[in-house]
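The values are calculated or read from the model by the stated rules, or taken from the named source; none is laboratory data. In this text, all values refer to a predicted model and were calculated from it rather than measured experimentally. Positions of Cβ are generated from backbone atoms using ideal geometry, with glycine treated the same way; all protein chains shown enter the neighbour counts.
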Amino acid sequence: MQNSPARQQNLSENPLLQEWTTPFGAPPFAEIVPAHFMPAFEVALAAHRAEIDVIAKRRADPTFENTIEALELSGHGLRQVSMVFFNLSGAHTNDELQKVEREIAPKLARHRNSIYLDEALYGRVEHVYARRHGLNFSPEQRQVLERYRTAFVRTGAALDENSKKRLAEISERQAALGTEFGQNLLADEKSYTLPLESKDDLAGLPDFLIAAAEEAAEERGLKGKHVMTLGRSMIEPFLQFSSRRDLREAAWRAWIARGENGGKTDNRKIVAEMVALRNERARLMDYPSFAHFKLDDSMAKTPEAARELLESVWTPALAQANREQEALQEMVRAEGGNFDIAPWDWRYYSERRRRQEFDLDEGELKPYFQLDRMIEASFDTASRLFGLTFKERNDVPVYHPDVRAWEVTAADGTHVGLFYGDYFARPSKRSGAWMSAYRTQEKLAGNIRPIIVNVMNFAKAADGEPSLLSFDDAKTLFHEFGHGLHGLLSNVRFPMISGTSVHRDFVEFPSQIYENWLDQPEVLGKYAVHYKTNEPMPKALLERVLAARNFNQGFANVEYVSSAIVDLDLHQVEDTADLDVTEFEKQALERIGMPDAIVMRHRLPHFGHLFSGDGYAAGYYSYLWSDVLAADGFSAFEEAGDIFDASTAKKLHDHVYSSGFSLDPSDAYREFRGRRPSEQAVLRRRGLAA
């Protein structure tokens, strides 16, 4: 069908299809409206398909240049449109964008399948792969070839036509289900508020949380009121401080019931269907389970290896959690309480116990953790480790008034990339915290510098007041900035292996090692300053903060590890017919002895890591696997006697942050550390070993 002149004019004016002349080539957000996306996707998909057809139908013998490099150079327009769209659909969505998302998700899956199930194209890749040993490839070329060949094989390119057809159908259906899951979860989170209508309803809440509840109410058109929302940065401190047990229970029940409320936003049938489809996919690929399929292309390699690591932490964590629970129960008994510690009680009594044991009050700490100062701390750490400088730029387009932008430069003044920080919760943003990219680094198509974004969900303070973080919030900021540095510092030739495009159980290593710098006296002593007086945190308080680092670690580890174990178990189910998600979760937790007073960090109906896509499906263990690397890796700085040791930092930069997937992750770690990692460091770090 030919385009009409009016349609051609509309397409020529579509900003998503243009070369951007904004500073650093940032997306011109003010010019982009939801109606631009579907036409832009249609044009970009067609253009990419045409590029792929040229590669697949070439008569010349396959070479690295005319096949692999050509694949890498194709699809620029589609990447540009997709990166803008999916970043906005997560961080600042609306009904129009969600409609586009539902429509485009299966189309993109179909497009990807059309590439990776293309017999002629696969034949060309296989031809180059079969002759790789006789060709003078660079290490990067070898790795890119390996990743392409793996992608084709794992998509099903080597299977018979019937199997390929079914895999394509599965992929499209999974894309649609993942979109529906994420939108249902956001709808549940947006629709719930707990009104705090009287002074008694605010009992126990510190000033910063009362201010955040007032700000949340105003955002919802309830000026002068107070509401509690289901954002983690609000719900967790509410459970920590509210002395109203009935309100804690109401808030907690709403929090854990996301995706399980019945009606059109209930995710349980979606989860069951996704698990069944993943299981079918694995069997078509000749794997015994989806977990075996997924982990075959990971550092862990097998579910058994991942499970062994999880159980090595689960046993001491469960014992520690039981001791913690008894201590909390004793507090209840001492006060004459006639109830067993329930999940909505744990954070409240733990906070009180922490005050008793460490003379430490979260309300006393928060004034020292200003968001702006923690951002400065994360930047300064990167400067001292890697020589980076961050300059805020007010001339760069942003997609929401709360978003900030910084130009990042190297020690020699050269441009490294652009960094966006989007820190505050809002109804248009999905929950959680993440790093993403509007553009990734590469050298194949020129010296392409990255545009990286960190997205958080911190509670926003009232106008004129600084936003204050909990210590956990500050660690989240450092964690996501570690991911950000992994994207910013990437220094490879090929897009396929750029930045965070590494194994899932390695991608958390750069983020988790970076967390370690936050709780160092050198950093806290400089940046943990009181928001009113600008006085640094008193030495005695700092010492108490550091002494309490491993407080409540039984709870924290049980909460996390149980989620990872259930994930692995779910993705090894042999018979998925009539899978009852709630019952499966219940039985899985009973098998491992989950305490009644603790729930999984993410219950299955709202486990976005697993079901808003499949990035962490059968892979939630990755945080622990990477934490082994992070704890052992940070020990290298401690052994050097300087947490900013230049030689160690250079190895970390060269072999981890800048190398992308140019090295196998196991080799990258050995190049940095000089040996394999030791698991003992992570047990000490988590307070589970002496």
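Only one of (1) in contact with a Pro (Cβ under 7 Å, 6 or more places away or on another chain); (2) at pLDDT below 95 fails for Leu629. Which number is that? All conditions pass for Leu629, except number (2). Scanning region 171-213 for residues that are assigned to a helix (DSSP H, G or I) and of a type in the set (S, T, N, Q), we see that the one that is surrounded by the fewest Cβ atoms within 10 Å (Cβ to Cβ) is Ser191. The helices (runs of 4 or more DSSP H) found wholly in region 458-530 and carrying at least 2 residues that are touching a His at 6+ places or on another chain (Cβ under 6 Å) and at pLDDT 95 or above occupy 509-515. Of the set (1) of a type in the set (Gly, Ala, Ser); (2) surrounded by fewer than 17 Cβ atoms within 10 Å (Cβ to Cβ); (3) touching a helix residue (DSSP H, G or I) at 6+ places or on another chain (Cβ under 8 Å), all apply to Ala216 but (2).
Inclusion of Ala334 among residues that are in contact with a Phe, Trp or Tyr (Cβ under 6 Å, 6 or more places away or on another chain) and outside the structural domain of Arg244 (by TED's automatic domain parsing) is not warranted. Only one of the listed residues (Trp406, Trp434) is more than 16 Å from the chain's Cα centre (by Cα), closer than 22 Å to Gln370 by Cα and surrounded by fewer than 22 Cβ atoms within 10 Å (Cβ to Cβ). That residue is Trp406.
Within region 641-681, restricting attention to residues that are among the aliphatic types (A, V, I, L, M) and touching a residue at least 24 places away in the same chain (Cβ under 8 Å), the residue that is surrounded by the most Cβ atoms within 10 Å (Cβ to Cβ) is Val656. Within region 584-625, the set of residues being within 22 Å of Gln183 (Cβ to Cβ), part of a loop (DSSP other than H, G, I, E, B) and aromatic (Phe, Trp, Tyr) comprises Phe607, Tyr616, Tyr620. For Asn550, indicate whether it is within 30 Å of Glu351 (Cα to Cα) and at pLDDT below 95. Taking the combined requirement at face value, the residue satisfies it. Reported count of residues in region 557-585, each being surrounded by 13 or more Cβ atoms within 10 Å (Cβ to Cβ) and either on the phi > 0 side of the Ramachandran plot or free of Cβ contacts under 8 Å to residues at least 24 places away in the same chain (or both), is 3. Scanning region 431-472 for residues that are closer than 25 Å to Pro237 by Cβ, in contact with a helix residue (DSSP H, G or I) (Cβ under 6 Å, 6 or more places away or on another chain) and of a type in the set (D, E, K, R) yields a single hit, Lys460. For region 149-166, the set of residues classified as assigned to a helix (DSSP H, G or I) and within 20 Å of Leu71 (Cβ to Cβ) consists of Arg149, Thr150, Ala151, Phe152, Val153, Arg154, Thr155, Lys164, listed by residue number.
Just one of the listed residues (Glu326, Glu392, Glu362) is within 16 Å of Tyr420 (Cα to Cα) and of a type in the set (Asp, Glu), and it is Glu392. Of the residues making up region 160-200, those that are of a type in the set (Asp, Glu), in contact (Cβ under 8 Å) with a residue 24 or more places away in the chain and more than 30 Å from Glu215 (Cβ to Cβ) are Glu172, Glu180. Among the residues making up region 270-306, those that are part of a helix (DSSP H, G or I) and either of a type in the set (Phe, Trp, Tyr) or within 26 Å of Asp627 (Cβ to Cβ) (or both) are Arg278, Phe290, Ala291, His292, Phe293, Lys294, Leu295, Asp296, Pro303, Glu304, Ala305, Ala306.
Hey, can you tell me all the residues within region 145-173 that are among the polar types (S, T, N, Q) and over 18 Å from Pro106 (Cα atoms)? Across region 145-173, the qualifying residues are Thr150, Asn162, Ser163.
Listed by first and then second residue, the pairs with beta-carbon distance under 6 Å, at least 6 apart or on different chains, first residue in region 621-640 and of a type in the set (Val, Ile, Thr), second outside any helix (DSSP H, G or I), are Val628/Pro677; Val628/Glu679. Among the residues of this structure, Glu236 does not count as one that is of a type in the set (Asp, Glu), under 27 Å from Ser350 (Cβ atoms) and touching a Leu at 6+ places or on another chain (Cβ under 8 Å).
When you check Ile52 against the structure, is it crowded, with 21+ Cβ neighbours inside 10 Å and part of a helix (DSSP H, G or I), yes or no? Taking the combined requirement at face value, the residue does not satisfy it.
Exactly one residue out of Phe494, Phe555 is of a type in the set (Phe, Trp, Tyr) and over 26 Å from Gly417 (Cβ atoms), and it is Phe555. No other residue among Leu71, Leu17, Leu88 is closer than 18 Å to Gly446 by Cα and in contact with a helix residue (DSSP H, G or I) (Cβ under 8 Å, 6 or more places away or on another chain) apart from Leu71. Please specify each residue of region 214-261 satisfying the condition of being of a type in the set (Gly, Ala, Ser), in a helix (DSSP H, G or I) and over 25 Å from the mean Cα position of the chain (by Cα). Hits for region 214-261 are Ala217, Ala250. Restricting attention to region 297-344, the residues that are without any contact (Cβ under 8 Å) to a residue 12 or more places away in the chain and more than 18 Å from Arg601 (Cα to Cα) total 14.
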